[in-house]
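Below is one structure; the comments refer to it alone.
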Amino acid sequence: MDSDPSRESLAVPEAAIDEACGETPLPELGVIEQVWDTDPIPTDEIADRAGAAFAALPLDEVPDGGEVALGVGSRGIANLAEIVAGVVSEADERGYEPFIFPAMGSHGGATGEGQREMLAELGVDEATVGCEVRSSMDVVEVGRTADRDVPVYADANAVEADAIVPINRVKPHTDFDGTVESGLSKMLVIGMGKQRGAKTAHDWAVDWSLRNMIPEITERLLDELPVAGGVAIVEDQRDDTALLEGVPPSGFLDREAELLERAYDEMPTLPFDEVDVLVLDRQGKDISGQGMDTNVIGRRPFAIQEPEPDSPDIKRIYTRGLTETTHGNAMGMGSADFVHADLLAEIEMPTTLINALTASTTRGVRLPPAVETDRAGLIAALSTIGIVDPETVRVVRAPDTMHLQRLYASPALVAEAREREDLRVVEDPSPIEFADGEFAAPSAHETAVSDAESS
């Protein structure tokens, strides 16, 4: 978006940071890489494996020619278009009439057209997956919970179908810990509930907690609607598709809990429990629901009635910008201690606030202090953690909280990496180079891509 002069005035100039902080020694940075042993599903098998997962569901009660509503909507899922296309193809072969409905709560500006556009950006539209997309914010109240009488909502198009099948990744949630977190159940409760259902669920979660609410509302939805099961996705540390499985409604909550344990085991994390300064090149809804994955940064300041993760312990976080795919949604920026002026310029506040209001996490969109340059951000962070010794300070620069295999690291961490089998040193530390105050070196993730292309 175009630069807003009023926003630029909020960014503190580098000269002012220098004057306030005095002489702050900067550490050198090297490059380290996490050693991961992964076994992803080959790309050319993704569609067939997704179709097989759908075929494994109990579909006997779906009539010939019956409509099958496929819930899709989470961002950042690898091979999503191929997975959905595989399910659609299998449904077609079985004589059903599949259609896609966005199951993404209030995303896309809480409009039907906005959600259709979001799906298209994820590679999911009629041309790519081979079936109709029915996008509307209309919902139907399908029941109420037993103890608290909470209304339960579902997408009106999905409710009219002969079968409902959510397609989603099972992964740790950013706001709470439970037996089920992000996955099939949450997509039914929050995603399929659209803006109204998502808002209702998050309002009640203030007193009830999502860890308790999602299982109970899931069971209500399974009782009231023709949910034939779901297609569960688990990804590995490199964000490749590691598992595709059809989960029947009879084992929805139990099996999803087991898959969540695997997802925790395979989730990419920082390789250090204690970090003085973490620099993130970007944040966004395609990276995490909270922009920065709270499980990675060890901060959950906006979650209600939920404890923060035990680790890691990060003293300061400096975030440099937003991803293009997040479309200005800066949800979660409140977890940063400092942000770059570029992040200010990229914020679409209406989209961000609608998301925060729906999720009842307004603290997550509080604006941190903004700085004019990367050098100013790094100095501001370092100058607020106590006495800094460039040889012992623990600094990490990462692309984002999803791409964590290759990282910039200060000398103390590079030395630690040399002693660990799960890490390898790619480049020895060297002085940080700046161009007009900005980092001259590209993202560590980009250096890995460059190395792969040149080899």
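Pairs LYS186/LYS285; LYS186/LYS315; LYS171/LYS285: which are spaced more than 25 Å apart, C-alpha to C-alpha? Pairs exceeding the cut-off: LYS186/LYS315.
Toward the positive end of the charge dipole of the chain, with +1 on the Cβ of Lys and Arg and -1 on the Cβ of Asp and Glu, the farthest Cα among GLY289, GLY183, THR352 is that of THR352. Could you name the aspartates and glutamates in cross-link range of LYS194, using Cα to Cα under 15 Å and dropping any fewer than eight places away on the same chain? Reachable aspartates and glutamates: GLU113, ASP138, GLU141, ASP155, ASP203.
The longest stretch of the chain left intact once loop-based GluC sites (Glu not before Pro) with at most 13 other Cβ atoms within 10 Å are removed from consideration, loops following DSSP, is 161-323. Across every pair of non-identical alpha carbons in the stretch 173-276, the mean reciprocal distance, once inverted, gives a Kirkwood radius of 14.8 Å. For the stretch 362-377, backbone phi angles converted through the Karplus equation (6.51, -1.76, 1.60; θ = phi - 60°) give residue-by-residue couplings of 5, 5, x, 10, 5, 7, x, x, 10, 10, 6, 9, 5, 4, 5, x Hz, Gly and Pro being listed as x.
Charge dipole (Cα centre; +1 on Lys/Arg Cβ, -1 on Asp/Glu Cβ; no other charges) of the chain amounts to roughly 1220 debye.
Fraction of C-alpha pairs exceeding 16 angstrom in the stretch 356-422: 66 percent, rounded to a whole number. Which one of ALA52, SER136, LEU243 is farthest out on the positive end of the charge dipole of the chain, using unit charges on Cβ (Lys, Arg +1; Asp, Glu -1) and the Cα centre as origin? Comparing the listed Cα positions along the dipole, SER136 ranks first.
Using a simple spin-label model with pseudo-atoms 7 Å out from Cα toward Cβ, ARG262 and SER136 lie 3.7 nm apart. Beyond 16 Å, what share of the Cα-Cα pairs of the stretch 14-63 is found? Please give it as a whole percent. That tail contains 73 percent of the Cα-Cα pairs. Normalised by 2.2 N^0.38 Å, where N is the number of residues, the alpha-carbon radius of gyration of the chain equals 1.01.
For the stretch 36-132, the relative contact order is 32 percent, taking Cα pairs closer than 8 Å that sit 6 or more residues apart in sequence and dividing their mean separation by the residue count.
Using the Kirkwood radius built from alpha carbon pairs, what does the Stokes-Einstein equation give as D for the stretch 112-171 at 20 °C and 1.002 mPa s, in µm² per second? Diffusion coefficient, whole number: 157 µm²/s.
For the stretch 420-430, what does the Karplus curve 6.51 cos²θ - 1.76 cosθ + 1.60, with θ = phi - 60°, yield as ³J(HN,Hα) per residue in whole Hz, taken in order and with x for Gly and Pro? So the Karplus estimates, Gly and Pro as x, are 10, 6, 8, 10, 9, 8, 8, 9, 5, x, 8 Hz. About the centre of its Cα atoms, the stretch 319-367 shows a dipole size close to 220 debye [charges on the beta carbon of Lys, Arg (+1) and Asp, Glu (-1) only; nearest 20 debye].
Between MET192, VAL227, TRP36, the Cα set farthest toward the positive side of the dipole of the chain (charges on each charged residue's Cβ, about the Cα centre) is that of MET192.
Averaging the sequence gap over all C-alpha pairs within less than 8 Å and six or more residues apart, then dividing by the number of residues, gives the chain a relative contact order of 21 percent. When the residues CYS131, CYS21 are ordered by accessible surface, computed with a 1.4 Å probe over the protein chains alone, the sequence from largest down reads CYS21, CYS131.
Note that the stretch 86-213 shows a convex hull volume over its alpha carbon atoms of 118 Å³ per residue. May I ask you to give the solvent-accessible area per residue for the chain, in square angstrom, as obtained with a 1.4 angstrom probe? Dividing the accessible area of the chain by its residue count gives 40 Å².
Listed values for the stretch 227-240 are Karplus-derived 3J(HN,Hα) couplings in whole Hz (6.51 cos²θ - 1.76 cosθ + 1.60, θ = phi - 60°), namely 6, 8, x, x, 9, 8, 10, 10, 10, 8, 4, 8, 6, 9, and x replaces Gly and Pro. LYS186 contributes about 50 Å² of solvent-accessible surface, heavy atoms of the protein only, 1.4 Å probe. Overall, the accessible surface of the stretch 126-177 at a probe of 1.4 angstrom is composed of carbon and sulfur to the extent of 37 percent. As a fraction of the 1.4 Å probe accessible area of the stretch 204-351, surface on carbon and sulfur atoms comes out at 41 percent.
The values are calculated or read from the model by the stated rules, or taken from the named source; none is laboratory data. Everything numeric here is computed off the predicted structure, so don't read it as measured data. Quick reminder, even Gly has a Cβ in these numbers, built from the backbone with ideal geometry, and neighbours come from all protein chains shown. Note: accessible area is taken over every heavy atom of the protein model, side chains too, but ligands, DNA and RNA are not part of it. Shrake-Rupley method; radii C 1.70, N 1.55, O 1.52, S 1.80 Å.
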